[in-house]
Amino acid sequence: MSESVNVLLVEDDAVIRRAVGLMLERYGYTVASAEDGLAGLELFRAGGHDLLLLDVMLPGLDGIGLCRRVRETSLMPILMMSARGDSLDVVGGLEAGADDYVVKPVESPVLVARIRALLRRATFTRAEPTVDGRSVLTFGDLTLDTDGLEARVAGEPVVLTPTELRLLLEFAAHPGTVLERQRLLRKVWDYGWDGDSRVVDLCVQRLRKKIGADRIETVRGFGYKLVR
């Protein structure tokens with residue numbers, strides 16, 4: 001999977017930047033690196049990257065600000081790194097549009113596993129046909145084309161990141177069914193272990209803003225369900 005994958009790494013600590021860059025190259029990735037947010041933004045605008053890996057704390061333009069700028073024009077997978085795993089860092093990054101995060105220091109196999117999972121989520125294949133053969137599902141004013149991978153609200157197209165789209169597809173496959181957070185982490189984020197459910201909560205929050213706050217219902221103490 002690492003063949004021909006270009007990672008944009010934005011990290012202000014020179015030692016970490018070099019170590020992570022060398023590690024990713026050993027796994028076969030091509031790495032372009034920047035030492036601050038503004039330099040990272042310039043490299044992003046130059047194009048040619050498949051995934052953005054960035055630190056939260058950056059000089060000039062911080063990681064959260066950079067994430068927001070990237071999300072204005074791009075749906076590329078974004079993985080954030082936080083030195084402390086601080087709640088504000090995590091929430092801020094996920095609200096800004098990041099798909100996932102890791103806490104530094106992070107072991108090489110864990111980081112590569114997260115990157116591979118993000119890249120898999122960004123790659124879609126034709127969906128399995130529905131029971132009645134339809135590819136367009138309707139939930140109120142929300143329509144979801146599971147073949148064309150397009151969502152519309154009141155006829156207007158909705159722009160979703162790959163993670164948001166996979167989350168919506170998982171809900172749509174089980175309408176009216178309560179899906180637990182850990183199940184969503186396994187199915188959507190491809191976690192083979194129990195992860196931080198805040199990733200799910202923040203992605204649901206972003207999805208609600210795009211398809212309607214009342215379309216996904218919270219079932220307190222359990223998880224979420226798509227309203228039929």
(1) part of a helix (DSSP H, G or I); (2) at pLDDT 90 or above; (3) in contact with a helix residue (DSSP H, G or I) (Cβ under 6 Å, 6 or more places away or on another chain); (4) of a type outside the set (D, E, K, R) all hold for Y101 apart from (1)
Boolean, A173 is over 20 Å from V91 (Cα atoms), at pLDDT below 95 and within 20 Å of the chain's Cα centre (by Cα) = yes
Of those in region 51-82 that are part of a loop (DSSP other than H, G, I, E, B) and among the hydroxyl-bearing types (S, T, Y), the residue farthest from V10 (Cα to Cα) is T73
Matching residues in region 15-50 (part of a helix (DSSP H, G or I), open to solvent by less than 60 Å² (accessible area, probe 1.4 Å) and either at positive phi or not β-branched (V, I, T) (or both)) number 11
Among (1) under 15 Å from A34 (Cβ atoms); (2) among the aliphatic types (A, V, I, L, M); (3) under 15 Å from the mean Cα position of the chain (by Cα), L61 falls short only on (3)
From the option list D36, D55, single residue qualifying as among the acidic types (D, E), farther than 27 Å from V200 by Cβ and in contact with a Gly (Cβ under 9 Å, 6 or more places away or on another chain) is D36
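The values are calculated or read from the model by the stated rules, or taken from the named source; none is laboratory data. Being a predicted model, the structure only gives us computed values, none of them experimental. Here Cβ is always computed from backbone atoms with ideal geometry, including for glycine, and neighbour counts include all displayed protein chains. For the accessible areas, the whole protein counts, side chains as well, though only heavy atoms, and no ligand, DNA or RNA atoms are used. Shrake-Rupley method; radii C 1.70, N 1.55, O 1.52, S 1.80 Å.
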